[in-house]
Amino acid sequence: MKAKILAALRASDGYVSGQDLCGQFGVSRTAIWKAINQLKQSGYEIEAVQNRGYHIVSIPDILSENELRSIRKTKWLGDKIYYEPVSESTNTKAMQLAEQGAPHGTIVVTDHQINGRGRRGRIWETEEGAGIAMTFLLRPKIDPNNASMLTLIAAMAVARGIEDETGLKVGIKWPNDIIINRKKVSGILTEMSAQADYVNHIVVGIGINVHMEEFPEELQNTATSIFLELGVKINRAALIERICEYFEAYFDVFLRTEDLSAMAKQYDAYMVNRNQPVKVLDPKDTYEGTARGITTRGELLVDTWECRRLVSSGEVSVRGLYGYV
Ligand code: ATP
């Protein structure tokens, strides 16, 4: 009910009467009053004026289930929201919830991720209350070989979401790094549980640096945050909502063909190192070439001095020839 009260208060420019809220939710005035007080305790500034009702004055930067639910616009993504104030890793939690039967579209969110993971056992650094750490749990009936494309879809959703919320120019370093001003603002980690030809579940984890004012020394040259680029602190829940809307739309398009044929052009337009010299760091072989864009299966096209090569994600990182991008 608190999420619905929040939504009602948000939808109104003026005051919402206690009577109306009682009628809408079929509960007593005391129940409404209690719920409003709990919302106030969690940081919302709500004014109560006799004979007029309630009015929301300010919305804090809160990542609770109620907050996310009250602004949710998606159809299936986020139908179940699992929020925990502190989490080892939202991907690990989502995997556990999946084993216990959590449905397609469940979102796991935390305010403080302690052991964020990157690809190949790397670490994703986070800071309490300063970032977004969330995971989408998906159960699509697709060929497991096509699952890695979901990382690219998530990258586009994050890039567009950040652009909408900030007006900043955002790019993607293939396959999964979101870049602002040549530095990484967000990373994505997709993990899967599958049989040979059947997907049990897929988790798509998204880490975004939102309010961070500084980074550990080893990341200073390659990492940035929305605050560092924009100079103001944006609302994290609003950004999550926007990303969810884009991801849901892209995902539904992806399912029709199980590839990126409808989205590859848009992905290419976001690619920061398209037509730029790159170094491909493949554990088996490091080589240089020019990045040209992606195939409809999400592989990176790289022209080397001798031939065109197709790079699959997974094990590979790409760097600019003269720096991170
Ligand atoms: P690349 O090495 O090209 O950045 P990757 O896709 O291989 O990309 P990820 O697995 O996505 O890397 O992310 C882990 C890496 O990201 C870490 O090894 C570290 O270099 C960097 N990193 C960790 N935390 C952050 C952060 N908060 N912001 C930006 N970069 C980070």
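Things worth noting here:
- Per residue convex hull volume, Cα atoms of region 123-240, in Å³: 107
- With semi-axes defined as the square roots of five times the eigenvalues of the C-alpha gyration tensor, the equivalent ellipsoid of region 236-277 measures 22, 18, 5 Å, largest first.
- Choice from L255, L137, L68 with maximal GNM fluctuation in the chain (Cα, 10 Å cutoff): L255
- Residue among K284, K184, K233 with the largest mean-square fluctuation in a Gaussian network model of the chain, springs linking Cα atoms under 10 Å: K284
- Relative intensity, log₁₀ I(q)/I(0), of region 231-325 from a Debye sum that treats every alpha carbon as a point, q = 0.14, 0.16, 0.17, 0.20 Å⁻¹: -0.66, -0.80, -0.86, -1.00
- Looking at the chain, the accessible area is 47 square angstrom per residue; that uses a 1.4 Å probe and ignores ligands, DNA and RNA.
- Projected-area mean, region 61-204, by convex hull of Cα positions, square nanometres: 8.8
- The Cα center of region 127-145 and the Cα center of region 205-250 differ in position by 15 Å.
- Gap separating the Cα centres of region 36-89 and region 263-325, nearest whole Å: 42
- Calculated Rg and Dmax of region 88-173 using C-alpha coordinates, Å: 14.2, 40
- Across the cross-link table entries K73/K169; K80/K141; K4/K169, which are compared at the Cα atoms, the separations over 27 Å belong to K4/K169.
- The aspartates and glutamates whose alpha-carbon is closer than 15 Å to the alpha-carbon of K2, local same-chain residues fewer than 8 away aside, are D20, E45, E65, E67.
- Principal axis extents of the C-alpha atoms in region 50-110 (largest first, rounded to whole Å): 51, 26, 15.
- Here the spin labels are modelled as points 7 Å beyond Cα on the Cα-Cβ line, and at D197 and N145 they lie 1.2 nm apart.
- The accessible surface of region 1-83, taken with every protein chain in place and a 1.4 Å probe, is 47 percent carbon and sulfur.
- Structure note, pairs K183/K279; K40/K75; K184/K279: Cα-Cα distances above 20 angstrom occur for K40/K75.
- Contour minus Cα-Cα distance for L281 and L219 (0.36 nm per residue): 20.4 nm
- Cα coordinate range in the chain, projected on the principal axes (Å, largest first): 78, 44, 33
- Solvent-accessible surface (1.4 angstrom probe) belonging to M156, in square angstrom, nearest 10: 0
- Accessible-area composition of region 119-233, carbon plus sulfur, in percent [1.4 Å probe]: 42
- The listed residues R10, R274, R122 rank as R122, R274, R10 when sorted by accessible area, largest first, using a 1.4 Å probe.
The values are calculated or read from the model by the stated rules, or taken from the named source; none is laboratory data. All values derive from a computational prediction rather than experimental measurement. Quick reminder, even Gly has a Cβ in these numbers, built from the backbone with ideal geometry, and neighbours come from all protein chains shown. The protein model used for the area step is the full one, side chains on, heavy atoms only, and it has no ligands, DNA or RNA in it. Shrake-Rupley method; radii C 1.70, N 1.55, O 1.52, S 1.80 Å.
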